[in-house]
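The numbers here are math on the coordinates, done by the rules we state, and not lab data. Being a predicted model, the structure only gives us computed values, none of them experimental. Neighbour counts run over all protein chains shown; Cβ positions are idealised from the backbone, glycine included.
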Amino acid sequence: MKNIKRYIRQYFDFSQRETNGFLLLSFLILILILAPFLFQKFYPNNTDSDKIDTQKLDSLLASIEVDSSAEKSTFNFEKSEQKSIEISLFQFNPNLISAAEFQKLGVKKYIAERIIKYKQKGGVFKTKTDLKRIYGFDSVQFTKLNPYILLPEKTSFTKIETQKEFKSVPKIIVFDINLADSAQLEKVYGIGAKLAARILKYRNKLGGFVSKNQLKEVYGLDSVVLDELNKKTTIAADFIPQKIKINQTTFEELKSHPYFGYKNAKVILAYKSTHGKIIDKEDLKNIKILSKEEIEKMVSYLDFE
C-alpha cells in the first residue's frame with residue numbers, strides 16, 4: 001500500500017492528504033460498481049415482496065389530498081385578503097406613499113413591503129421605470145399605474161414633484177469600502193448581516209480592495225447590490241493594500257490569499273527556490289502556468305523587496 005501511495009503521489013504530484021482522498025474515492029467508486037451484482041447475489045428477487053400494499057398507498061394519497069386542500073385554502077385566504085382592500089387608482093409619487101397606499105393601487109402586499117424596505121435603505125425612484133427595478137414588480141401592473149406616477153419618463157433632476165409640495169432628493173452618502181464596518185454595509189439596499197460579514201471577510205483575506213470590480217468576486221452579491229455598492233462606496237486614491245513579501249513569505253501565508261491558493265503558491269515558491277529572488281512582475285511571467293490576468297491581480301498584493 002505504501003508503494004501504491006508513493007507512486008500516486010509522484011505521478012499526480014499529490015500531497016499526502018490528496019493521495020488518501022484519491023484512494024478513498026477510488027474504493028467508493030469500486031463499491032458502487034459492484035453493489036448491483038452483490039445485491040442480486042445475496043437478495044434474489046422475491047415476487048411476494050413486490051406486491052403493493054394498497055392500504056399504505058391509499059393512506060399516502062389521502063395525506064397528499066389533505067396537503068393540497070391546505071395549500072388551496074391558504075391561497076384562497078391570501079386572495080380574499082387582497083380582494084378585501086378596495087382598489088382605486090390615483091396620482092402618486094412612489095417615494096412618498098406608504099405600503100398601505102401601494103396596496104390600494106393594487107400592488108401586492110409583499111411587493112409593497114419590499115418597496116418600503118428599498119426606500120428605508122436610501123433607495124430613490126427618479127423616473128417611472130425605476131419602479132420596475134423592484135424584484136417581482138409585475139410589468140402588467142406597471143403598465144396600469146404608469147399614467148398615474150408623478151415622475152418623469154427620463155430625466156436628470158434634483159427635486160421630486162409631489163401632489164402638494166417639493167422635496168429634495170436625499171443625498172447619497174458615500175463611504176470608503178476599505179474602512180467600512182458591518183453597520184455601514186447593512187445600510188446598503190440588499191445587504192444584510194450575512195452579506196456584510198462575507199464582504200468584510202473577503203476584504204481581510206485580500207488585504208483590502210484596490211478596485212470596486214473586486215466586489216464581483218464576493219459570493220452572493222447580485223447585480224442590484226453591486227450597482228448600489230458602486231454608487232455608495234469609494235476607494236482612497238492613496239490606498240495601499242496589505243502586501244506579501246514574496247521573497248520572505250511562507251507557503252501557508254501565500255496559499256491563504258485568494259489570488260494564489262495551493263497550486264499557484266506551490267509553483268511560485270518552487271520557481272523561487274530554483275531561480276533565486278523574484279525581482280518584479282517580469283519574473284512571474286516566466287512561470288508559464290500563471291496567466292496574464294492572474295499576474296495582474298497578484299502584483300497589487302506583492303512586495304518584491
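Tabulated data for the structure shown
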quantity	calculated
Placed amide H near THR233: partners under 5 Å, 5+ positions off or other chain	PHE175
Under-5 Å amide H pairs with LEU302, H placed in peptide plane, nonlocal only	ILE244
Sequence of ASP303, ASP130 once ranked by neighbouring C-beta atoms within 10 Å, starting from the fewest	ASP303, ASP130
Charge dipole (the stretch 175-234, unit charges on Cβ, about Cα centre) - positive-most of GLY207, ILE191, ALA180	GLY207
For the stretch 300-305, 3J(HN,Hα) per residue [Karplus equation, 6.51 cos²θ - 1.76 cosθ + 1.60, θ = phi - 60°, Hz, x = Gly/Pro]	5, 10, 10, 10, 8, 5
Pairs of Lys in the stretch 175-234 closer than 16 Å at Cα, counting only those 8 or more apart or on different chains	9
LYS292 versus ILE116: modelled label distance in nm, points set 7 Å from Cα along the beta carbon direction	5.4 nm
³J(HN,Hα), Karplus 6.51/-1.76/1.60, whole Hz, each residue of the stretch 275-292, x for Gly, Pro	9, x, 4, 8, 8, 7, 4, 4, 5, 5, 5, 6, 8, 4, 6, 8, 7, 4
Dipole magnitude (debye, nearest 20) for the stretch 244-303, charges at Cβ of Lys, Arg, Asp, Glu	200 debye
Segments 247-260, 284-297 sorted - mean Cβ within 10 Å per residue, highest first	247-260, 284-297
